[in-house]
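Just below is one structure, and these are the notes that go with it.
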Amino acid sequence: MAVTLSARIKGAVGEGRGRRSGPLTPPLPRRWSLTPGDLYLLIGGAGVLITGMWVRHGGATLFADPIGAIAAVGQLAGLYGTLLALVGILLMSRAPWVDQVVGSDEAARLHRLAGFASVWLLVVHALASTAALVSGDTIATPNQIVQGIIDFTVLQEGGLGATVALALFALVALVSIRAARAFLAYETWYGIHLYVYVAVALGFTHQLALGSDFVGDALARSTWVALYAAAFLPLIAFRFVTPIVRNLRHQFYVDEVVMERTGVVSLWVSGRNLESLPVRAGQWFGIRALTSDGWWRSNPYSLSAGPDARRLRFTIEALGDGSRRLQRLAPGTRLFLEGPYGLLTGAVRTREKVLLIAGGIGITPLRALLEVLPARRGDLALMYRVPSKDSLVFKRELQRLADVRNADVSFVTGSRDSFTFRDDPLSAAGLKSAYPDILERDVYLCGSPRMMERVSQSLRELGVPKVQVHLERFGW
Ligand SMILES: Cc1cc2nc3c(=O)[nH]c(=O)nc-3n(C[C@H](O)[C@H](O)[C@H](O)COP(=O)(O)OP(=O)(O)OC[C@H]3O[C@@H](n4cnc5c(N)ncnc54)[C@H](O)[C@@H]3O)c2cc1C
């Protein structure tokens, strides 16, 4: 069953321009005028640099005979494999320019691709380099290569570190395969993921001690150290230093806990100097409760109300241990917030008209956007899909916002299976009939992975350009 509610009235409200009665407004985060092309150019440039370094050391001449060619493949695989591992680390550094240029979802996807490619290349590096080393007049057999790896690990100085590094990379790749991830808690997967840093550190010493491109060449060593610094400095700055400084400055705490409906609770968070915290509606924070049993885990939550420089609101659905623990926090509990992150904001908007499509608890960032996106009468529309009326969150607030913001707000209730193919409101035909001007709209989408896949497919079928579609995935 679909329930539709429309309301169109009065004036629009401006993002970051005194939306509420008080004079305080938060500053907007800095925008970086970089494009994804700039980032890819930087990474390509680093690839060219290390290839040039390898050629300068006579790498290309190795191709003169078959065993030399195997050694060359081993060397190049090691260099590119390490470069991709560093790119993966940079992508997860949460540096604001990376976040803004590619978005956190895309950064996570690219990180995954770079990570898997890096592990394959490092395996090729180990096999090819050992094969070249143990081959005599003829190319080594698999048994000789295995024995060569054992000898290298046991007898070669630094060999054990290199083999352990490769094993750790392989372990992380293994637990990151989707089928394996389904069996792991997020925290277990994340904990194992941290071994990458140990592996990268061990690999670094192995390269400087044994790498044919580094031994005896100070310039090559400095270039390599600079590449490591380019990946690790942003990581240290934005994963550790910035959050610590920000939390010392703002001293966040739970101000109020409000029950929204059974299983869904809002935390109102306050702190010091919130008027100087740059943040946009649609962004999210990692929330860590500074309690004896909560300090070690951080869970991501989107703002569910436009930031007003006084308080931040997060709305949390109970799914597992982490969310239940956050729901039980008492007012006054200190919090450590990491963020704000994410690109599901007004900053990426390309059109005046906007359609927000929410599924389930994915309503949180879209509720905040409905509140603050500047819009003229009728420019804003929200479709909010839930399995049943009882699952609706913010029903009254949304009705009020529809009124105040002159927005079309539709509640669609029913599971996907309860719709026939023809009347599924999330199908291409369903969306087109509800929003005939959909091609002229930016579409902001947030919900379960299955629902998001369904809507993304419909938007592709309708020909909505990719630049007009903005997504936030509540997953890892
Ligand atoms: C960018 C982003 C914004 C989010 N915003 C909201 C929000 O506003 N309101 C809300 O209720 N939920 C939101 N979520 C989902 C929320 O983070 C998870 O439901 C929560 O972390 C579950 O933790 P748990 O320990 O209770 O459950 P678990 O039992 O550990 O997991 C339940 C589900 O949540 C996923 N999950 C667990 N930990 C994480 C994590 N650290 N990162 C991503 N997914 C995780 C798991 O894959 C699993 O599917 C958001 C997720 C992301 C990635």
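The values are calculated or read from the model by the stated rules, or taken from the named source; none is laboratory data. None of the values given here were measured: they were computed from a predicted structure. Note that we place each Cβ from the backbone using ideal geometry, even for glycine, and neighbour counts take in every protein chain shown.
The single condition from (1) within 16 Å of the ligand (Cβ to nearest atom); (2) in contact with a strand residue (DSSP E or B) (Cβ under 9 Å, 6 or more places away or on another chain) that GLU256 fails is (1).
Please enumerate the residues belonging to the range 99-120 that are among the hydrophobic types (A, V, I, L, M, F, W, C), closer than 30 Å to VAL467 by Cβ and surrounded by fewer than 23 Cβ atoms within 10 Å (Cβ to Cβ).
Of the range 99-120, the ones among the hydrophobic types (A, V, I, L, M, F, W, C) are 101-102, 107-108, 110, 113-114, 116-117, 119-120.
Checking which are closer than 30 Å to VAL467 by Cβ leaves us with 101-102, 107-108, 110, 113-114, 116-117.
Listed by number, the residues that qualify are VAL101, VAL102, ALA108, LEU110, LEU113, ALA114, PHE116, ALA117.
Being touching a Gly at 6+ places or on another chain (Cβ under 9 Å), within 16 Å of the ligand (Cβ to nearest atom) and hydrophobic (A, V, I, L, M, F, W, C) is the filter; apply it to the range 265-285 and report the residue that is nearest to PHE238 (Cα to Cα).
First, pick out the residues of the range 265-285 that are touching a Gly at 6+ places or on another chain (Cβ under 9 Å): 277, 279-285.
This time we only want the ones that are within 16 Å of the ligand (Cβ to nearest atom), so: 279-285.
Now restrict to residues that are hydrophobic (A, V, I, L, M, F, W, C): 279, 281, 284-285.
Numbers: VAL279: 16, ALA281: 21, TRP284: 15, PHE285: 13 Å.
By that ranking, first place goes to PHE285.
Counting only helices (runs of 4 or more DSSP H) that sit wholly inside the range 380-476, those with at least 1 residues that are of a type outside the set (Ser, Thr, Tyr), at pLDDT below 95 and within 16 Å of the ligand (Cβ to nearest atom) are 449-462. Specify the residue that is farthest from VAL172 (Cα to Cα); the eligible residues are those in the range 109-146 that are without any contact (Cβ under 8 Å) to a residue 24 or more places away in the chain and outside any helix (DSSP H, G or I). The qualifying residue farthest from VAL172 (Cα to Cα) is ASP137.
Within the range 80-96, residues that are at positive phi sit with their Cβ atoms under 7 Å from residues that are assigned to a helix (DSSP H, G or I), at 6+ positions apart or across chains, in these pairs: ARG94/PHE238; ARG94/ARG239. Is there a residue in the range 348-367 that is out of contact with any helix residue (DSSP H, G or I) (no Cβ under 8 Å at 6 or more places or on another chain), among the small types (Gly, Ala, Ser), within 16 Å of the ligand (Cβ to nearest atom) and outside the structural domain of GLY263 (by TED's automatic domain parsing)? Within the range 348-367, none of the residues are out of contact with any helix residue (DSSP H, G or I) (no Cβ under 8 Å at 6 or more places or on another chain), among the small types (Gly, Ala, Ser), within 16 Å of the ligand (Cβ to nearest atom) and outside the structural domain of GLY263 (by TED's automatic domain parsing).
Is the range 65-86 home to any residue that is outside any loop (DSSP other than H, G, I, E, B) and either at pLDDT below 90 or in contact with a strand residue (DSSP E or B) (Cβ under 9 Å, 6 or more places away or on another chain) (or both)? For the range 65-86, residues outside any loop (DSSP other than H, G, I, E, B) and either at pLDDT below 90 or in contact with a strand residue (DSSP E or B) (Cβ under 9 Å, 6 or more places away or on another chain) (or both): absent. What number of residues within the range 306-347 satisfy the criterion of being modelled with pLDDT of 95 or more and either among the aliphatic types (A, V, I, L, M) or away from the ligand (no atom under 13 Å from the Cβ) (or both)? Of the residues in that region, 14 qualify.
Based on what the data block shows, is LEU382 within 28 Å of ALA108 (Cβ to Cβ) and crowded, with 16+ Cβ neighbours inside 10 Å? Steps first, answer last, please.
On the way: within 28 Å of ALA108 (Cβ to Cβ): yes; crowded, with 16+ Cβ neighbours inside 10 Å: yes.
It is true that LEU382 is within 28 Å of ALA108 (Cβ to Cβ) and crowded, with 16+ Cβ neighbours inside 10 Å.
If you scan the range 181-200, which residues turn out to be of a type in the set (A, V, I, L, M, F, W, C) and either assigned to a helix (DSSP H, G or I) or under 19 Å from SER298 (Cα atoms) (or both)?
The first filter runs over the range 181-200 and keeps only residues of a type in the set (A, V, I, L, M, F, W, C), leaving 182-185, 189, 192, 194, 196, 198-200.
Across the range 181-200, the qualifying residues are LEU184, ALA185, TRP189, ILE192, LEU194, VAL196, VAL198, ALA199, VAL200.
Remark: pairs (first residue in the range 369-390, over 15 Å from ARG441 (Cβ atoms) and without any contact (Cβ under 8 Å) to a residue 60 or more places away in the chain; second residue among the hydroxyl-bearing types (Ser, Thr, Tyr) and not in a loop (DSSP other than H, G, I, E, B); Cβ separation under 9 Å; 6+ apart in sequence or on different chains) = TYR384/SER410; VAL386/THR413; PRO387/THR413; PRO387/SER418; SER388/THR413. All conditions in (1) surrounded by fewer than 19 Cβ atoms within 10 Å (Cβ to Cβ); (2) within 21 Å of the chain's Cα centre (by Cα) hold for PHE238, with the sole exception of (1).
From the residues in the range 286-304 that are within 7 Å of the ligand (Cβ to nearest atom) and among the hydroxyl-bearing types (Ser, Thr, Tyr), which one is nearest to GLU338 (Cα to Cα)? Lay out the reasoning, then the answer.
Of the residues in the range 286-304, the ones within 7 Å of the ligand (Cβ to nearest atom) are 298-302, 304.
Keeping just the survivors that are among the hydroxyl-bearing types (Ser, Thr, Tyr) gives 298, 301-302, 304.
Details: SER298: 9, TYR301: 10, SER302: 12, SER304: 16 Å.
The selected residue is SER298.
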